[in-house]
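Participant: Below is a structure I'd like to ask you about.
The values are calculated or read from the model by the stated rules, or taken from the named source; none is laboratory data. Please read all numbers here as calculations on a predicted model, not as lab measurements. Note that each Cβ is placed from the backbone with ideal geometry, even for glycine, and that neighbours are counted across all protein chains shown. Note: accessible area is taken over every heavy atom of the protein model, side chains too, but ligands, DNA and RNA are not part of it. Shrake-Rupley method; radii C 1.70, N 1.55, O 1.52, S 1.80 Å.
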Amino acid sequence: MAGHDIVDLLVVGGGVNGAGILRDAVGRGLTGILVEQGDLAGATSSASTKLVHGGLRYLEYYEFRLVRAALAEREVLLANAPHIIWPLRFVLPHEASLRPAWMIRLGLLLYDHLGGRRRLPGSHGVDLRRDPAGVPLKPSLTKGFVYSDCWVEDSRLVVLNALDAAERGATVLTRTRCVAARRAGGVWEATVEDSGTGRRRSLRARALVNATGPWAASFVQAALGLDWGHRLRLIKGSHIVVPRLYDGEHAYILQNVDRRIVFAIPYETDYTLIGTTDVPFDGDLGAVRISPAEIGYLCEVINRHFRRTVASADVVWSYAGVRPLYDDEAVDAAAVTRDYALELDAAGGAPPLLSVLGGKITTYRRLAGQVLDKLRPHFPAAGPAWTHAAPLPGGDLPDADFDRFLRELRARKPWLPAALARRYARAYGTRVERLLGTAAALHDLGAEIGPGLYEAELEYLRRHEWAIDAEDVLWRRSKLGLHMPEAARRRVADWFDGAAAPRGREATAS
Ligand SMILES: Cc1cc2nc3c(=O)[nH]c(=O)nc-3n(C[C@H](O)[C@H](O)[C@H](O)COP(=O)(O)OP(=O)(O)OC[C@H]3O[C@@H](n4cnc5c(N)ncnc54)[C@H](O)[C@@H]3O)c2cc1C
């Protein structure tokens, strides 16, 4: 891409929204560049609870429009990315003092019927004294409800959107920050800086998309020098990971006495993921951490419900992110709407600036479609909406049936150890063939740099998925960091240090 070329869209921010918008745009025939200051999904989009969900609790705030749209999205996303998204059953122990049973039944009835459910099973009541789901819980919890939502590998969702966009002709620049942009000569002229070398260059685009998530306000004010007339509330949410708390593949949704809810979810085979919190945030967005008080809060909710107790010493990993929420002036952080707003600034025929405020992982595809609809007057030749039935890279599993795909993979590659075959199938879907290439035995995958991490995968991630260092691989493209001792993690870092220079920050997939 030459510096003097003008593209249709410059998307700033490589979270789920930026990547989704870029993908949608290039699929409609527009040209686009995305710049991300860190790694793809380096911020909020890898710090979520990882649910593609309608949001049962949002019904309490009468968010019917949001819940209906999000519920419908579950099935669309599940069909298009069945490798990284899968159904999850949730057990909700009933606590009469917090919410009456009729209220939960009504909520679940709406949840079952609002969003046109087809593939996911419906909800029902459960006797926790008899059902295996009751075994790990305190004996005082005798009744409960079971319902469905989906799990998503959030950071992989972002990378796969970027990958699809790149394969359709977009340019994705990671470790590249947009430091300034202004309107000049009927286009946007942006200055971007390579965070590794500090080198700056300019890019020109017909429209600018501000998909900087929690940075949205500061980006407009500091980089664009414009007034920010909208409201964004920054609310931190944190998660802890502990050794597996209970058997079974289901999750729990726990009601806390402050009326918030906390999830306990099976995680990475050996662990349980617990979250989240809602804490107003005004610190440095580049250094968001869980606090001891949040760890204490999450442990307390678990200890009120489970027979086994957890304490901060059990926490093997934690992460925190900042929700960029569209401010609806709710008093309570948990009550602020999870819906999004799109603000278009194109007064007087000026080159458009479109800012994304808020949103969820779940609704990113819908949001992207609406961004393109809003920009349509500026790009009349853009094609129609198309992502509804378009698999993400690797998501074209026959009949969207993951179990069958895994069985067939194992039959084709009997030399792949079962756990590795499963992990590859989940992470890469049908793209596993590209990773494996002509390999016919495990040793063809090269050296084992860390347990279960062979050079062929590192090479694939470096060449096709913008992985530049060990963190990108161990904590975002995968969660192998959780399973690896420090020495192995260092070997991964050494591999990147020793590997030939990446194909470039401009690497587009091929
Ligand atoms: C604790 C928590 C739990 C959540 N759970 C769920 C859930 O279960 N399900 C769900 O659907 N949603 C969930 N969400 C919401 C969801 O994670 C976010 O709404 C979503 O990830 C926001 O994506 P984004 O692309 O707008 O922002 P981000 O992912 O933050 O992406 C913005 C990107 O812009 C980059 N950037 C900023 N400034 C610049 C610049 N000047 N130049 C270049 N790049 C820049 C940043 O580095 C960042 O990567 C949760 C959020 C949190 C915090």
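Participant: Between Trp228 and Glu433, how many nm apart are label points set 7 Å from Cα along the C-beta direction?
Facilitator: With each label placed 7 Å out from Cα toward Cβ, I get 4.7 nm.
Participant: Given +1 on the Cβ of Lys and Arg, -1 on the Cβ of Asp and Glu, and no further charges, what dipole in debye does segment 381-488 carry about its Cα centre, rounded to the nearest 20?
Facilitator: 280
Participant: A further question on this structure: In debye to the nearest 20, how big a dipole does segment 112-205 give about its Cα centre with +1 on each Lys and Arg Cβ and -1 on each Asp and Glu Cβ?
Facilitator: 280
Participant: Report Rg(Cα)/(2.2 N^0.38 Å) for segment 150-206, keeping two decimals.
Facilitator: That ratio works out to 1.43.
Participant: Next question, about the same structure. In the chain, once you exclude exposed GluC sites (Glu not before Pro) (DSSP loop, at most 11 other Cβ within 10 angstrom), what's the longest stretch remaining? Could the numbers behind the result be given before it?
Facilitator: On the way: sites that count: Glu249, Glu329.
Looking at the chain, 1-248 is the longest stretch - no exposed GluC sites (Glu not before Pro) with at most 11 other Cβ atoms within 10 Å.
Participant: Next question, about the same structure. Can you give me the C-alpha center-to-center distance between segment 86-103 and segment 150-164, rounded to a whole angstrom?
Facilitator: With segment 86-103 and segment 150-164 each reduced to a Cα centre, they are spaced 29 Å.
Participant: Here's another thing I want to ask about it. Quick check: the distance between the Cα centres of segment 236-268 and segment 315-368, to the nearest angstrom?
Facilitator: Cα centres, segment 236-268 to segment 315-368: 24 Å.
Participant: Considering the options Ala439, Gly144, Pro351, tell which one lies farthest towards the positive end of the dipole of the chain, charges being +1 on Lys and Arg and -1 on Asp and Glu at the Cβ, about the Cα centre.
Facilitator: Gly144
Participant: Given the chain reduced to its alpha-carbon atoms as identical point scatterers, what log10 I(q)/I(0) does the Debye formula return at q = 0.06, 0.09 Å⁻¹?
Facilitator: Results for the chain at q = 0.06, 0.09 Å⁻¹ read -0.27, -0.64.
Participant: So if I take the centroid of the Cα atoms in segment 1-66 and the same for segment 107-129, what is the distance between those two points in Å?
Facilitator: Value for the Cα centre distance between the two parts: 29 Å.
Participant: Okay, moving on. Which value in deg cm²/dmol, rounded to the nearest 500, describes the helix-derived mean residue ellipticity at 222 nm for the chain, given -39,500 (n - 2.57) per DSSP H run of n ≥ 4 and division by the residue count?
Facilitator: Value at 222 nm, helices only: -8000 deg cm²/dmol.
Participant: Moving on. If you count the DSSP beta bridges with both ends in the chain, what percent of them are antiparallel, to the nearest 5? The partial results should precede the final answer.
Facilitator: Working: 64 of 82 bridges.
Roughly 80 percent of the DSSP beta bridges within the chain come out antiparallel.
Participant: A follow-up question, please. With charges set only on the Cβ (+1 for Lys and Arg, -1 for Asp and Glu), what does the dipole of the chain come to about its Cα centre, in debye to the nearest 20?
Facilitator: Here the chain has a charge dipole of around 700 debye.
Participant: If you don't mind, there's one more thing I want to ask. Give the Cα extents of segment 254-321 along the principal axes, in whole Å, largest first.
Facilitator: 38, 29, 19
Participant: Of Ala180, Leu160, Pro214, which is farthest towards the positive pole of the chain's charge dipole, taken about the Cα centre with +1 and -1 on the beta-carbons of Lys, Arg and Asp, Glu respectively?
Facilitator: Ranked along the dipole, the leading option is Leu160.
Participant: On to the next question. Between Asp328 and Ala96, with labels modelled 7 Å along Cα→Cβ, what's the label distance in nm to one decimal, could you check?
Facilitator: Between Asp328 and Ala96, the simple spin-label model gives 3.2 nm.
Participant: Rounded to the nearest angstrom and ordered from largest down, what semi-axes does the equivalent ellipsoid of segment 323-436 get from its C-alpha gyration tensor (root of 5λ)? Walk me through the numbers before you get to the answer.
Facilitator: Working: eigenvalues 324, 89, 23 Å².
Result for segment 323-436: semi-axes of 40, 21, 11 Å.
Participant: Suppose the chain between Glu249 and Arg183 were pulled fully straight at 0.36 nm per residue; how much longer would it get relative to their current alpha carbon spacing?
Facilitator: Values: separation 66, 0.36 × 66 = 23.76 nm, distance 5.23 nm.
That pair, Glu249 and Arg183, stretches by 18.5 nm at full extension.
Participant: Taking the chain, how many lysine pairs are there with alpha carbons less than 27 Å apart, if each pair must be eight or more places apart or span two chains?
Facilitator: Value for the chain: 10.
Participant: Could you tell me which of Leu128, His239, Val12 has its Cα farthest along the dipole of the chain towards the positive end, charges placed at Cβ (Lys, Arg +1; Asp, Glu -1), taken about the Cα centre?
Facilitator: Leu128
Participant: Now for a different question. Calculate, in whole percent, how much of the Cα-Cα pair population of segment 171-300 lies beyond 21 Å.
Facilitator: 59
Participant: Between beta-carbons, use under 9 Å as the cut-off and find the net charge around Gly27, counting Lys and Arg +1, Asp and Glu -1.
Facilitator: Spelling it out: positives minus negatives among the neighbours equals +1.
Participant: Would you kindly calculate the translational diffusion coefficient of segment 376-431, applying Stokes-Einstein with the Kirkwood radius from alpha carbon pairs, for 10 °C and a viscosity of 1.306 mPa s, and quote it in µm² s⁻¹ without decimals?
Facilitator: 119
Participant: Roughly how much of Trp215 is accessible, in Å² to the nearest 10, using a 1.4 Å probe?
Facilitator: About 60 Å², ignoring ligands and nucleic acids.
Participant: At a 1.4 Å probe, what is the % contribution of carbon and sulfur to the accessible area of the chain?
Facilitator: 52
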